[in-house]
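Asks: Mind looking over this structure? Questions follow.
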Amino acid sequence: MIREVIVTTVDASGKAHIAPFGLIAAGEEWIIAPFRPSATLANLQEVPYAVANYTDDVRIFAGCLTGRREWPLAPIGTFLVPRLADALAHAELAVERIEEDARRPRFFCRVLRQEQHTPFQGLNRAKAAVLELAVLVSRLDFLPRDKIEREIEYLKIAIDKTAGPEEKEAWGWLVEKVEAHLGDREPAHARGEGS
Ligand SMILES: Cc1cc2nc3c(=O)[nH]c(=O)nc-3n(C[C@H](O)[C@H](O)[C@H](O)COP(=O)(O)O)c2cc1C
């Protein structure tokens with residue numbers, strides 16, 4: 001079981017960082033598993049606490065992958081790490097142990113406290129589609145062009161049928177990034193350059 005959340009962490013100076021992560025369930029613990037290099041990883045090594053922000057605002061997932069990381073944060077009492085101001089709920093996490101790995105270390109976290117802020121409003125297919133495209137965008141370098149194009153064509157059905165303005169905006173940011181990536185990858189002759 002993996003829960004897709006926005007993780008907040010801080011560095012030793014207290015500067016906050018936000019990033020989407022899939023938290024892996026391991027009994028009572030949640031595992032944060034960042035691929036190297038990662039700001040989240042560096043922060044967890046400096047300050048072994050994090051917040052798992054449960055949010056259905058998919059603009060934050062899409063935004064983090066497209067250079068839009070300025071989402072409002074809110075302090076949580078005496079806890080060192082802030083939460084997303086608009087999180088539906090959050091969990092305060094303490095790193096209990098680290099399984100070192102050259103590629104992808106695993107930070108096993110204990111939940112210290114959870115709090116709900118806003119009621120969950122139900123599932124939405126367009127939000128799920130944006131999340132899927134966000135995951136795809138985070139792996140663009142490893143995926144063949146035809147797989148990327150087929151996935152987008154399928155996911156777009158849910159966007160066309162069920163998206164609100166926020167989901168459309170988030171979808172647009174991600175599609176822009178995919179197009180820039182595919183454009184860069186086109187051979188020179190396909191762009192009308194060269195001989
Ligand atoms: C839904 C979702 C889940 C993700 N889960 C992970 C993860 O488990 N590990 C990881 O390294 N990156 C994951 N990513 C990609 C990171 O969010 C992205 O690479 C991010 O910039 C992490 O690097 P940072 O800590 O330097 O910000 C995920 C992205 C999305 C959209």
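Every number in this text was worked out from the coordinates using simple rules, so none of it is lab data. Owing to the predicted nature of the structure, the values given are computational and were not obtained by experimental measurement. Heads up, the Cβs are rebuilt from the backbone with ideal geometry, glycines too, and the neighbour counts pull from every protein chain shown.
Asks: Would you calculate the convex hull of the Cα atoms in the chain and tell me its volume per residue in Å³?
Replies: Residue-normalised Cα hull volume stands at 148 Å³.
Asks: Now, a different point. Can you list the HN-Hα couplings for the stretch 132-142, worked out from phi with the Karplus curve (6.51, -1.76, 1.60; θ = phi - 60°), rounded to whole Hz and with x for Gly and Pro?
Replies: Karplus values, whole Hz, x for Gly and Pro: 4, 5, 4, 4, 4, 4, 6, 10, 3, 5, 9.
Asks: What list of ³J(HN,Hα) values in whole Hz, one per residue of the stretch 2-8 in order, does the Karplus curve 6.51 cos²θ - 1.76 cosθ + 1.60 (θ = phi - 60°) give from phi, with Gly and Pro shown as x?
Replies: For the stretch 2-8, the Karplus curve yields 10, 9, 8, 9, 9, 9, 9 Hz.
Asks: Can you list residues whose amide H is under 5 Å from R83's amide H, if they're 5+ apart or on another chain and H is modeled 1.01 Å from N?
Replies: Counting only residues 5 or more places away or on other chains, the set is A74, I76.
Asks: Please state, to two decimals, what the Cα-based radius of gyration of the stretch 2-116 comes to when divided by 2.2 N^0.38 Å (N = residues).
Replies: Working it through for the stretch 2-116, the quotient is 0.96.
Asks: Note down the relative contact order for the chain as a percent, whole number, built from C-alpha pairs under 8 angstrom at least six residues apart.
Replies: Relative CO of the chain lands at 19 percent.
Asks: Taking the Cβ of W171 as the centre, find all other residues whose Cβ is under 14 Å away and add up their charges (Lys, Arg: +1; Asp, Glu: -1).
Replies: -2
Asks: Provide the gained length on full extension for the span F142 to L112, in nm with one decimal, where the gain is 0.36 nm per separating residue minus the Cα-Cα distance.
Replies: Once the chain is fully extended between F142 and L112, it gains 7.2 nm.
Asks: Pulled fully out, how much extra length does the chain show between F120 and E169, if you take 0.36 nm times their separation in residues and subtract their Cα-Cα distance?
Replies: Extending this stretch completely gives an extra 15.5 nm.
Asks: What FRET efficiency do you get for R3 and D160 if R0 is 22 Å and r is their Cβ-Cβ distance, rounded to the nearest 0.05?
Replies: So, using R0 = 22 Å, E works out to roughly 0.20.
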